[in-house]
Amino acid sequence: MKFFLYCLGIFLFISCQNKDENQSGTAPSNETNDVVETVVPYESEIAETSTPMDLGLRSIEAVDLPDLDYDGNFTDCWTWDDKNGENYLVRSIEEMELNYPEEDGWESYDQNLHVYHYSKSGTGEIILLRDLTDFVKDCEFDLIMNHLDAVELSDIDNDNYGEIIFGYRLHCTSDVSPSNQKVLLFENGDKYILRGTSVAMGYGGEYTPGDEFNSGPEGFLEKAENYWEENKVEYAIESNGF
């Protein structure tokens, strides 16, 4: 009987010890939960800062522009808001200039095309972030120069600077042939470009990306190439009904 009571006492003592260890094990569990809780706000903060701003692209008329300088005749202006403040992409084309020929020479024409990217900060300061001028010189035939209608805005790299994509065509020709076509992406003063030809009557459409795409953000080249494919046809082959 004494032996039985002795064994029962040992069993009760061991049970109490196990109960105390299980209760003390809740402290490390709480510490782990605290670590998880501190990570959640950190992740939320990163997600918030990488979310693109509301980049609403809209077209405005020349009379609604702030005091911006540009050469040539106004084609259009596109504006949006991003980390730089208010942005303005102004596109224009100058009138053709006649080159009077020398003796026994032919008449020829020059013409210039322009694009300007301005930003206006919250303090009202206007900064020219980027501009370009392209041209055709000494054209003795038909001079083609136009901005493509399509203009697209994105924020692929989520840095809250909008990427504005546009294109134009230049050509001096005496027939229906592909024009020189260029597609550009501007972001915060940086320029990325595709150079090639339009598609005319089923011919052309090839392009070469600029080297700047090699060190640019991922997705920029794909975006520019998609724009090219959607806007490469200048003259389509007309169906004859067969």
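The values are calculated or read from the model by the stated rules, or taken from the named source; none is laboratory data. Remember, predicted model here, so these are calculated numbers, not experimental data. So basically every Cβ, Gly included, is an ideal-geometry build from the backbone, and we count neighbours across all protein chains shown.
For Val199, state whether it is closer than 26 Å to Cys139 by Cα, under 14 Å from the mean Cα position of the chain (by Cα) and surrounded by 14 or more Cβ atoms within 10 Å (Cβ to Cβ). So that I can check it myself, show each step before the final result.
Working: closer than 26 Å to Cys139 by Cα: yes; under 14 Å from the mean Cα position of the chain (by Cα): no; surrounded by 14 or more Cβ atoms within 10 Å (Cβ to Cβ): yes.
So Val199 fails the test.
In summary, strands (runs of 3 or more DSSP E) completely within region 171-242 and bearing 2 or more residues that are touching a helix residue (DSSP H, G or I) at 6+ places or on another chain (Cβ under 8 Å) and under 28 Å from Asp131 (Cβ atoms) occur at 180-187, 190-197, 207-209.
So in region 71-88, with the set limited to residues that are farther than 17 Å from Glu125 by Cα and under 24 Å from the mean Cα position of the chain (by Cα), which one is surrounded by the most Cβ atoms within 10 Å (Cβ to Cβ)?
Initial filter on region 71-88 (farther than 17 Å from Glu125 by Cα): 71-78.
Filter again for under 24 Å from the mean Cα position of the chain (by Cα), leaving 74-78.
Numbers: Phe74: 14, Thr75: 17, Asp76: 16, Cys77: 21, Trp78: 19.
Among them, the one singled out is Cys77.
Results for (1) acidic (Asp, Glu); (2) in contact with a strand residue (DSSP E or B) (Cβ under 7 Å, 6 or more places away or on another chain), shown as yes or no for each residue.
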site: Ser177; (1), (2): no, yes
site: Leu184; (1), (2): no, yes
site: Asn188; (1), (2): no, yes
site: Asp211; (1), (2): yes, no
site: Asn214; (1), (2): no, no
site: Glu218; (1), (2): yes, no
site: Tyr227; (1), (2): no, yes
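Looking across region 172-182, the residues that are under 27 Å from the mean Cα position of the chain (by Cα), surrounded by fewer than 24 Cβ atoms within 10 Å (Cβ to Cβ) and in contact (Cβ under 8 Å) with a residue 24 or more places away in the chain come down to Pro178, Ser179, Lys182.
If you go through region 135-156 and keep only what is surrounded by fewer than 17 Cβ atoms within 10 Å (Cβ to Cβ), in contact with a strand residue (DSSP E or B) (Cβ under 8 Å, 6 or more places away or on another chain) and of a type outside the set (A, V, I, L, M), you end up with Phe135, Lys137, Asp138, Glu140, Phe141, Asp142, Asn146.
Is there a residue being in contact with a Pro (Cβ under 8 Å, 6 or more places away or on another chain) and surrounded by fewer than 21 Cβ atoms within 10 Å (Cβ to Cβ) anywhere in region 99-108? Spell out the reasoning first.
To start, the set of residues in region 99-108 that are in contact with a Pro (Cβ under 8 Å, 6 or more places away or on another chain) comprises 107-108.
Now narrow it down to the ones that are surrounded by fewer than 21 Cβ atoms within 10 Å (Cβ to Cβ): 107-108.
Among the residues of region 99-108, at least one is in contact with a Pro (Cβ under 8 Å, 6 or more places away or on another chain) and surrounded by fewer than 21 Cβ atoms within 10 Å (Cβ to Cβ), which makes the answer yes.
For the residues Glu218, Glu234, Glu222, the requirement of being modelled with pLDDT of 95 or more and surrounded by 13 or more Cβ atoms within 10 Å (Cβ to Cβ) singles out Glu234.
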